[in-house]
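The values are calculated or read from the model by the stated rules, or taken from the named source; none is laboratory data. Note that this is a predicted model, so its numbers are computed, not measured. Every residue, glycine as well, gets a Cβ built from its backbone with ideal geometry; the counts of neighbours run over all protein chains shown. The area values use the complete protein model at the heavy-atom level, side chains included, leaving out ligands, DNA and RNA. Shrake-Rupley method; radii C 1.70, N 1.55, O 1.52, S 1.80 Å.
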Amino acid sequence: MAKMPAPHQISRVARPRLYEQLVEQIMEYIGAAQLGPGDTLPAERELAERLGVSRATLAQALVALEVLGVIDVQHGTGAVLVYRPNVPSVIKGLREHRSRLPEIVEARSTLEVKLAELAAARRSKDDMVAIDKALDAMAEEVASGAKGARGDELFHQAVTAAAHSAVLAQLMTFIAGMILETRLESLGQPGRPEQSLASHRKIADAIREQDSAAAAAAMLEHIDLVSDVALLKNE
């Protein structure tokens, strides 16, 4: 009688993640509709109905495509197609992006917590002016219904400058492109722009009071917040 293979010799076929399935559907729709660079995708409500998913689920898939540079989600305009890659390359990029996220978060936790601590100890009046301007810029964006990505970027740049550490600033410049991935991913979560802005204000208050321990703790709390994204959760 032939022997049955040992259980450990049989491997399960991985089930595609919901993200991958939906991204593939969106790309197939783009192809079927013959959309090209510069064309606008249907409004989220209409596209969600066509794909048979909730708007919240669709929004997360669009964020993933925005991170990959396939679309540009513009406030008041919608999702504009930047280029039309083939489906396998998009799925490959999505998987690579997902695998990078934990390490990007790890790098941010290491660098930005220290930068906040140093900023509280070394900041000047001009540094605080720059930090407050960044907060105002993000508040205006969020109030208008936008994600606040530009204000978010300005805030972290202002904190970095306030730390007066050339080497740490260079390291932040080096990973700026990767941080952009986490920024877009995070600010695409429902309610996240408002939460992130409140978190920024807490960091700024600690820097203003020159409380290094509080600034470091607030920044760590902020990084924990922004790393909570749907793409890293089990589906």
- Item | Distance between segment 189-222 and segment 114-169 - C-alpha centres, whole angstrom | 11 Å
- Message: What does the charge count around R208 come to, taking other residues whose C-beta lies under 9 Å from its C-beta (Lys +1, Arg +1, Asp -1, Glu -1)?
- Response: -3
- Message: Given the -39500 (n - 2.57) contribution per DSSP H run of 4+ residues, what per-residue ellipticity at 222 nm results for the chain, rounded to the nearest 500 deg cm²/dmol?
- Response: -22000 deg cm²/dmol
- Message: Can you tell me the length gained on complete extension of the stretch T57 to V167, counting 0.36 nm per residue apart and subtracting the Cα distance?
- Response: 35.6 nm
- For helix 87-122, what angle does its Cα long axis make with the longest principal axis of the chain, in degrees from 0 to 90 and rounded to 10? 10 degrees
- Item | Efficiency of FRET between A213 and E44 - r from beta-carbon atoms, R0 30 angstrom, step 0.05 | 0.10
- Task: Report in % the part of the accessible area of the chain that belongs to carbon and sulfur, leaving out ligands and nucleic acids; probe 1.4 Å.
- Result: 55 percent
- Item | Solvent-accessible area of Y83 with every protein chain in place, 1.4 Å probe, in Å² to the nearest 10 | 100 Å²
- Rounded to 10°, Cα long-axis angle of helix 18-32 versus longest principal axis of the chain: 70 degrees
- Sorted largest first, the Cα spans of segment 82-142 on the principal axes come out in Å as 51, 29, 15
- Message: I need the Kirkwood Rh of segment 139-198: take the reciprocal of the average 1/r across all distinct C-alpha pairs and report it in angstrom.
- Response: 12.2 Å
- Message: Using the crude model of +1 on Lys and Arg Cβ and -1 on Asp and Glu Cβ, and no other charge, please compute the dipole size for the chain relative to its Cα centre, in debye to 20.
- Response: 740 debye
- Query: Given a Förster distance of 22 angstrom, what is the FRET efficiency for S109 paired with K202, based on the Cβ-Cβ distance and rounded to 0.05?
  - Reply: 0.85
- Heavy-atom accessible area per residue, the chain, 1.4 Å probe: how many Å²? 53 Å²
- Roughly how many Å² of V53 are accessible to a 1.4 Å probe, to the nearest 10? 40 Å²
- With all protein chains present, calculate the accessible area of L184 using a 1.4 Å probe and round the result to the nearest 10 Å². 30 Å²
- Task: Report the calculated FRET efficiency for Y83 and A143 (r = Cβ-Cβ distance, R0 = 35 Å), to the nearest 0.05.
- Result: 0.65
- Can you tell me how much longer the chain between F174 and K92 gets when fully stretched, taken as 0.36 nm per residue apart minus their C-alpha distance, in nm with one decimal? 27.2 nm
- For I71, the residues 5 or more places away or on another chain with a placed amide H closer than 5 Å to its own amide H are E66, V82
- With all protein chains present and a 1.4 Å probe, the order of L68, L41 from largest accessible area down is L68, L41
